[in-house]
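J.: Below you will find the structure I want to go over with you.
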Amino acid sequence: MTAARVGIGGPVGSGKTALIEAILPLLAEVGIDTAVITNDLVTDEDAERLRKGGQLAPDRVRAVQAGACPHTVIREDPTLNMAAADRLETDFPGLDLILIESGGDNLASTFSPDLVDYWMFVIDVAGGDDIPRKKGPGILQANLLVINKADLAPHVGVDFPNMLAEATAVRGGGAVLPAICRKGSGIAEVVAHLRREVLFK
Amino acid sequence: MKDHSPDGPMMLETVLGMAADAQWHDRLHALEHEGGVEFLSIPEADAARKRMRVTTDRGRDCAIALPREQGLSDGAVLFHDGRLAIVARIDGAARMRLRPASIDDAMRLGHWCGNLHWKVIFGQGVMDVVLDGPRARYEARLADLRGLAEFVIEDA
């Protein structure tokens, strides 16, 4: 099988890179051979952070610079990311998974199905409990919505169970998982979900 | 094609052919009489994906994982072993037809829909918007354009 390509989108600071950092050890534990492509505006900031983290060999983390609106390189013209994914598959035969992290974008950000087989959208509690109610395409169309920083709810005046319920309702029952990426909470569930829905192993 | 365990999904990893092709038509027709053909119903919006977990019309748990160079289209035969065949059916998405009154209106309308990142199909003097959700949601996005461009909404 070719490697599964899984997108991770969401607003700036919601925890996209933190989610990758949290799931990498669990993927390694179950033998899922992984590489990552990051997208930043005009730097390699997220790629450098992941390389420094040491969970993957540096060459397994590739950076794409979007140059403009981050969503353009994951939706309108994803050729840069497709080429980077193709190169990773050539360089690492037997790869099971390529995670493609979008640059931080707004709630309208979505991935092209030409680029990914599956995609997650990450929002966080501190961004406000009204985010699901705003029904952005990222919230509605993602295969999986992750609501991060659940532990901050009492500090920012958010009724977290209500936020989860509203997110599930606007997505018509589509998958929603809570997480605290920094503490590893909810991460096993995210990995189990990916294994069932797109990795098949 | 991998063997599948009772616990895991049935792996479908290649498009063997198209149901409408002569060689497949006869084989599937014979199997259909014996109840050996199962169908996967896939929404048009998902058809571009190479991987997905889906259930056949008879409840069989399947996982599609196609090579990058292959694509799903209506009638794709994904499994056949002489006793069972699995065929993909792509559910056509609903469409909303927009007919601008003039070239000026067409430019405004095209720019507007482009900004909304809508998927469209161009026809003679019309533009069909592929609906990935309730039609009312799309019509609501056109309300503010009414004072700027003249156009009518038709059923596609």
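J.: Among all residue pairs at least 6 apart or on different chains, which show Cβ distances below 8 Å where the first residue, located in segment B:100-128, is in contact (Cβ under 8 Å) with a residue 40 or more places away in the chain and surrounded by fewer than 17 Cβ atoms within 10 Å (Cβ to Cβ) and the second is outside any helix (DSSP H, G or I) and among the aromatic types (F, W, Y)?
T.: Pairs found: B:A101/B:F151.
J.: Next up: Can you work out which of the residues in segment A:103-138 that are in contact (Cβ under 8 Å) with a residue 40 or more places away in the chain and of a type in the set (D, E) is farthest from the other protein chains (Cβ to nearest Cβ)?
T.: A:D124
J.: Using the structure shown, decide if A:D33 is among the charged types (D, E, K, R) and within 14 Å of another protein chain (Cβ to nearest Cβ).
T.: Values: among the charged types (D, E, K, R): yes; within 14 Å of another protein chain (Cβ to nearest Cβ): no.
Answer is no for this residue.
J.: Look through B:A88, B:A48, B:A65, B:A19 and report the one residue that is touching a His at 6+ places or on another chain (Cβ under 8 Å) and either within 14 Å of chain A (Cβ to nearest Cβ) or at pLDDT 95 or above (or both). Outline the logic, then answer.
T.: Numbers: B:A88 fails: touching a His at 6+ places or on another chain (Cβ under 8 Å); B:A48 fails: touching a His at 6+ places or on another chain (Cβ under 8 Å); B:A65 fails: touching a His at 6+ places or on another chain (Cβ under 8 Å).
Within the list B:A88, B:A48, B:A65, B:A19, the selection yields B:A19.
J.: Looking at segment A:1-45, which of its residues are of a type in the set (D, E) and not in a strand (DSSP E or B)?
T.: From segment A:1-45, those of a type in the set (D, E) are A:21, A:29, A:33, A:40, A:44-45; that's our starting set.
The answer is A:E21, A:E29, A:D33, A:D44, A:E45.
J.: Could I ask something else about it? Of the residues A:A188, A:A169, A:A165, A:A175, which is within 12 Å of chain B (Cβ to nearest Cβ), aliphatic (A, V, I, L, M) and surrounded by fewer than 19 Cβ atoms within 10 Å (Cβ to Cβ)?
T.: On the way: A:A188 fails: within 12 Å of chain B (Cβ to nearest Cβ); A:A169 fails: within 12 Å of chain B (Cβ to nearest Cβ); A:A165 fails: within 12 Å of chain B (Cβ to nearest Cβ).
Being within 12 Å of chain B (Cβ to nearest Cβ), aliphatic (A, V, I, L, M) and surrounded by fewer than 19 Cβ atoms within 10 Å (Cβ to Cβ) holds for just one of A:A188, A:A169, A:A165, A:A175, which is A:A175.
J.: While we're on this one: How many of the residues in segment B:110-128 are assigned to a loop (DSSP other than H, G, I, E, B) and at pLDDT 90 or above? Working first, answer last.
T.: First, the residues of segment B:110-128 that are assigned to a loop (DSSP other than H, G, I, E, B): B:116-119, B:124-125.
Filter once more, so that each one left must be at pLDDT 90 or above: B:124-125.
Summing the residues that are assigned to a loop (DSSP other than H, G, I, E, B) and at pLDDT 90 or above in segment B:110-128 gives 2.
J.: Hey, among B:G35, B:G82, B:G71, B:G59, which residue is under 21 Å from A:H193 (Cα atoms) and not in a strand (DSSP E or B)? Talk me through it step by step, then tell me what you get.
T.: Numbers: B:G35 fails: under 21 Å from A:H193 (Cα atoms); B:G82 fails: under 21 Å from A:H193 (Cα atoms); B:G71 fails: under 21 Å from A:H193 (Cα atoms).
The unique qualifying residue is B:G59.
J.: Take the conditions over 27 Å from B:V120 (Cα atoms), more than 14 Å from chain B (Cβ to nearest Cβ) and of a type outside the set (A, V, I, L, M, F, W, C) and apply them to A:T38. Does it pass? Give the derivation first.
T.: Details: over 27 Å from B:V120 (Cα atoms): yes; more than 14 Å from chain B (Cβ to nearest Cβ): yes; of a type outside the set (A, V, I, L, M, F, W, C): yes.
It is true that A:T38 is over 27 Å from B:V120 (Cα atoms), more than 14 Å from chain B (Cβ to nearest Cβ) and of a type outside the set (A, V, I, L, M, F, W, C).
The values are calculated or read from the model by the stated rules, or taken from the named source; none is laboratory data. It should be emphasised that the depicted structure is a prediction, and the values quoted were computed from it without experimental measurement. We place every Cβ from the backbone using ideal geometry, glycine too, and count neighbours over all the protein chains shown.
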